[in-house]
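Chemist: Mind having a look at this structure? Questions to follow.
We did not get these values from a lab; they are worked out from the coordinates using the rules stated. Since we're looking at a predicted model, the values are computed, not measured. Backbone-built Cβ (ideal geometry, glycine too); neighbour counts: all protein chains shown.
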Amino acid sequence: MKKTVKKVKDCLAYHANNPVVKKLCKTGVENQWTFLAYGASDHPFSAPINYKQASAAFRRGVKLVKAAHDRKYPLGYAMLHKIFSQLNPFEARQMTDFIIKTYCVIDFEEASSYFGGYEKMIEAFDIISGSEHDIKEDFIPESDVAYLEMVRAIQRAGYDLSKKKFLSLEGEERSKLINYLIQTTSASPRQVARYLHIKRR
């Protein structure tokens, strides 16, 4: 619980600027996973939904999301796979926006009130970096862009990301994958170990 205005503002700025510090984007509002953009739009990363032109699969997906949300159910991997497997990339982006907005629990009005409004909050985040000392985490100086590169490299290698079988490789197979990721991405050995869930001694 953040009990002072300064701590609340620091925490919000920390959250907004995490991807900026890790060089994933220039400003926090540009990153989909800070959720900041959803304070100003229902579809900040896709086109508005036109249900008359949407595919039957998309409309079914919307109904599934609404039903799960109404029952306060989370969307598990099986459900997400069922929803997205029949969507084209255009509709997949729309569905992602729809799900995030539907399940978003951020009170943007309350959050922005600490800064004098939404636009002023976004401007403040671009100026301050944020510092949240209550969160204990290892500081890793490398850019998180390497993790995006590793995702693409894993896909090029033919692994199914949804099944995550590449995390259970052992022996020579795992060594080959480690070397492949180090050689084909900008990831450091430490980042590769973290991505593959390998405990370093």
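Chemist: Using +1 at the Cβ of each Lys and Arg and -1 at the Cβ of each Asp and Glu in the range 145-195, identify which of ILE182, LEU148, LEU167 lies farthest towards the dipole's positive end.
Modeler: LEU148
Chemist: Any chance you could tell me what percent of the C-alpha pair distances in the range 1-115 go past 26 Å?
Modeler: Details: 1954 of 6555 pairs.
Summing the P(r) tail past 26 Å for the range 1-115 gives 30 percent.
Chemist: Take the alpha carbon gyration tensor of the range 66-122, find the square roots of its eigenvalues, order them as a ≥ b ≥ c, and report rounded if a/c is under 1.5; if not, report prolate when a/b exceeds b/c, else oblate. Don't skip to the answer; put the middle values down first.
Modeler: Values: a/c = 4.22, a/b = 1.94, b/c = 2.17.
Because a/c hits 1.5 or more and a/b fails to exceed b/c, the range 66-122 counts as oblate.
Chemist: I need the shape label for the range 145-195. Rule: rounded when a/c is under 1.5, else prolate if a/b > b/c, else oblate, with a, b, c from the alpha carbon gyration tensor.
Modeler: Numbers: a/c = 1.59, a/b = 1.14, b/c = 1.38.
Cα axes put the range 145-195 in the oblate bin.
Chemist: Say a site is exposed when it is one of the GluC sites (Glu not before Pro), sits in a DSSP loop, and has at most 12 other Cβ atoms within 10 Å; what is then the longest site-free stretch of the chain?
Modeler: Values: sites that count: GLU137, GLU170.
Between exposed loop sites, the widest span is 1-136.
Chemist: Now, a different point. Based solely on its DSSP helices, what 222 nm [θ] is calculated for the chain when runs of n ≥ 4 H residues each add -39,500 (n - 2.57) and the sum is averaged over all residues, nearest 500 deg cm²/dmol?
Modeler: Working: 9 runs with 104 residues, N = 201.
Calculated from helices alone, the mean residue ellipticity at 222 nm is -16000 deg cm²/dmol.
Chemist: Right, another one. Going by a ≥ b ≥ c, the root eigenvalues of the Cα gyration tensor, does the chain fall in the rounded group (a/c under 1.5), the prolate group (a/b larger than b/c) or the oblate group?
Modeler: Working: a/c = 2.06, a/b = 1.12, b/c = 1.84.
Taking the square roots of the gyration eigenvalues as a ≥ b ≥ c, the chain is oblate.
Chemist: Determine the gain in length on full extension of the stretch MET79-LEU161; use 0.36 nm per residue of separation and subtract their C-alpha separation, reporting nm with one decimal. Walk me through the intermediate numbers first.
Modeler: On the way: separation 82, 0.36 × 82 = 29.52 nm, distance 1.58 nm.
Full-extension gain reported as 27.9 nm.
Chemist: A further question on this structure: Tally Lys and Arg at +1 and Asp and Glu at -1 over the other residues with C-beta under 13 Å from the C-beta of ALA124: what net charge comes out? Mind showing how you got there, number by number?
Modeler: Numbers: positive: LYS6, LYS9, LYS120; negative: ASP10, GLU119, GLU123, ASP126.
Here the count lands on -1.
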